[in-house]
1. How would you rank 193-201, 38-46, highest first, on the average number of other Cβ atoms within 10 Å across their residues?
2. If you add up the charges near SER90, with Lys and Arg at +1 and Asp and Glu at -1, over every other residue whose beta carbon is less than 12 angstrom from its beta carbon, what do you get?
3. Two-decimal Rg/Rh of the range 63-183 from alpha-carbon positions, Kirkwood Rh?
4. Classify the range 142-181 as rounded, prolate or oblate, taking a ≥ b ≥ c as the square roots of the eigenvalues of its Cα gyration tensor: rounded when a/c is under 1.5, otherwise prolate if a/b is larger than b/c and oblate if not.
5. Going down the list LYS104/LYS202; LYS60/LYS96; LYS43/LYS78; LYS104/LYS179; LYS124/LYS157, which pairs span over 28 Å between their C-alpha atoms?
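The numbers here are math on the coordinates, done by the rules we state, and not lab data. Just so you know, these numbers come straight off a predicted model, no measurement behind them. For neighbour counting, all protein chains shown are included, and Cβ atoms are generated from backbone atoms with ideal geometry for every residue, glycine included.
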Amino acid sequence: PEEPEKPEEPGKPTDPTPEEPSVNDPIVNPDTGKELSQTVVNKVVDKVQNAKKGSEVVVKMQGATTVPSEVLESAKGKDVDVVLDMGAYSWTINGKDVTADNLKDINLKVTMNSNEIPQNVIEKTADGDPVIQISLAHDGAFGFQADLKLNVGAKYKGLYAKLYYYNKEGKLEYVQSDKVEADGTVIFTFKHASDYAIILSKKDDTTNTGAKVENTTPKTGDSSPIAIYVCMMLLAGSLTIFAVRRRLSR
């Protein structure tokens, strides 16, 4: 007797070809809570060195806060943004803004609501406006310029976030301001680390010294429009008297 035909085995599904990682995909630190391993650093360096002009390399730090000097060296002089995504905030460093010759590992940890600046110093400048203090872990100059993006709260949207540096004289020194976005984010540019105060105000009424804009009421002896007008009136009166005297003397 003929053997019954064996049913055909159903074809096995073909495994999909794994997609190549996109050049825009972030590099993720797999060791959550730990600083970047040498393996991750090598990946970042390689990606930065091969990045196109005007592109960005994103690193999800996952709890790490230190940017290794090797990463900074690889970016130096290149028009490439290295974005360090630290969750609650992020740092963006463009290679053209890396200028130091002796670059070192830099801890870019930011502590919100640090309260390192005395309250009486805050009150003199804040004038009743809300204040958020931040402290940067590194001490001194970075050796590069970096943009810090952080969230001060959506409730402050539309206000001006004014950044003040707590200087060595124990005073607040105005640095810059940025308007708070709808999601509560602001961006500030830093070149060195210290303690800072962010004053949230309806008006961007600061000068480069950090003081409130002074009242510009004209003072005696100044060249304001009122003073000029008075001088012109006096001159016109003198000319009139002179003309009358000449007419009478004829």
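1. Result, highest mean Cβ count within 10 Å first: 193-201, 38-46.
2. The answer is -2.
3. 0.99
4. oblate
5. Distance filter (> 28 Å) returns LYS104/LYS202; LYS104/LYS179.
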